[in-house]
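Every number in this text was worked out from the coordinates using simple rules, so none of it is lab data. Remember, it's a predicted structure, so these values are computed and weren't measured experimentally. All Cβ positions, even for glycine, are placed from backbone atoms using ideal geometry, and neighbour counts span all protein chains on display.
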Amino acid sequence: MTIYQDLLGEDFQRLHPKLQERYALPIDKPFNGVGTMSKIETGAFWLKPFFKLATRWKFLFPENGKDVPFSIKNTCRSLPTGEAEIYWERTFYFEEITRHFNAFMTVDTKRRVVKDYLGEPSLFYSDLKFTVTPEGRINIRSGPQRIVIGNLEFPILRLLEGVVNVEERYDDAREVFMIQVDIRNRIVGRLMAYEGEFKEQTV
């Protein structure tokens, strides 16, 4: 079983069949997708220097846009420990620059959460809770977070966390995956949000 099947257990079968295919992710058989983000919005202007700095780690970025070409690649690989890890590569092709938003995910089977290390090399850590909606969609919400500095990790105060909410579904009529991502802070409001669609690309 792959990490998302292991995490969701019987609930995995309640996902839309196309989402089951997408999140099965056998070892070394990546999912590739291409599409368009209908809109990308970042937070207050005074956050932009931080977002620009974060691009060095292929994490957040300061650009906004509409109808931005997008690609996604998810690869499951086996770590030296024998643990399975999903490498997420998300690429946004703005007119004047290309931005990345990468992450590394493993599963904590005891706590039933995904361990999400954001950036490359990793800059932030977040617990992620995966659930399946009655409509067969996948919903992802964040939990406790930490800042990562080399081999050290420091808890982030709850008020300073980025609260993540993601929903992914499949549109049968248009035969596309639909994604909505919202990242907010309890004090300053929106940090980043994007939504759009993509199709699997056979390589």
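3J(HN,Hα) couplings calculated from phi for region 50-64 with the Karplus curve 6.51 cos²θ - 1.76 cosθ + 1.60 (θ = phi - 60°) are, in sequence order, 5, 4, 5, 4, 5, 4, 5, 9, 6, 10, 6, 8, x, 6, 10 Hz; Gly and Pro show x. Evaluating 6.51 cos²θ - 1.76 cosθ + 1.60 at θ = phi - 60° for every residue in region 144-159, the Karplus couplings come out as x, 10, 9, 8, 10, 10, x, 8, 9, 10, 10, x, 9, 4, 4, 5 Hz, glycine and proline recorded as x. Annotation: amide H of Gln201 within the under-5 Å range of Asn32, Gly33, Val34, sequence separation 5 or more or interchain, hydrogens built in the peptide plane.
Mean residue ellipticity at 222 nm, helices only, the chain: -2500 deg cm²/dmol; runs of at least 4 DSSP H residues each add -39,500 (n - 2.57), and the sum is divided by the number of residues.
Spin-label model, Thr81/Glu153: points 7 Å from Cα along the beta carbon direction are separated by 0.9 nm.
So how strong a dipole does region 1-78 carry about its Cα centre when Lys and Arg Cβ are +1 and Asp and Glu Cβ are -1, to the nearest 20 debye? Spell out each step's value before the answer.
Working: 12 positive and 8 negative charges, 76 e Å.
Computed charge dipole of region 1-78: roughly 360 debye.
Computed from backbone phi with θ = phi - 60° and the Karplus coefficients 6.51, -1.76 and 1.60, the 3J(HN,Hα) list for region 22-36 is 5, 9, 5, 6, x, 4, 6, 10, x, 9, 10, x, 9, x, 9 Hz; x is used for glycine and proline. Database remark: amide H of Phe94 closer than 5 angstrom to the amide H of Arg99 (H placed geometrically; neighbours at sequence offset of 5 or more, or on other chains; Pro and chain starts carry no H). Annotation for Ile27 and Lys110: the two label points, set 7 Å from Cα along the Cα-Cβ direction, are 2.4 nm apart. I'm spelling it out carefully: the read-out is Cα Rg over 2.2 N^0.38 Å, the candidates are (1) 1.20; (2) 0.95; (3) 0.99, and one was derived from this structure. Which label? Of the labelled values, this structure produces (3). When the charge dipole of the chain is built from unit charges on Cβ atoms (+1 for Lys and Arg, -1 for Asp and Glu) and taken about the Cα centre, the candidate among Phe70, Val203, Ala173 whose Cα reaches farthest toward its positive end is Phe70.
Checking every one of the trypsin sites (Lys or Arg not before Pro) in region 45-144 against DSSP loop status and a limit of 14 other Cβ atoms within 10 Å picks out Lys110, Arg111, Arg112. Here the calculated FRET efficiency for Arg141 and His100, from their Cβ-Cβ distance with R0 = 25 Å, stands at 0.60, rounded to the nearest 0.05. For region 18-124, applying the loop criterion from DSSP together with a ceiling of 16 other beta carbons within 10 Å to the chymotrypsin sites (Phe, Trp or Tyr not before Pro) yields Phe94. This model, with +1 at the C-beta of Lys and Arg and -1 at the C-beta of Asp and Glu, gives the chain a dipole about its Cα centre of some 580 debye.
When region 2-134 is described by a simple charge dipole with +1 on each Lys and Arg Cβ and -1 on each Asp and Glu Cβ, the residue from Gly35, Ile3, Pro80 located farthest towards its positive end is Gly35. How would you classify region 1-110 from its alpha-carbon gyration tensor, with a ≥ b ≥ c the square roots of the eigenvalues: rounded for a/c under 1.5, else prolate if a/b is greater than b/c, otherwise oblate? Cα axes put region 1-110 in the prolate bin.
Charge dipole of region 63-120 (Cα centre as origin; +1 on each Lys and Arg Cβ, -1 on each Asp and Glu Cβ, all else neutral): 380 debye, rounded to the nearest 20.
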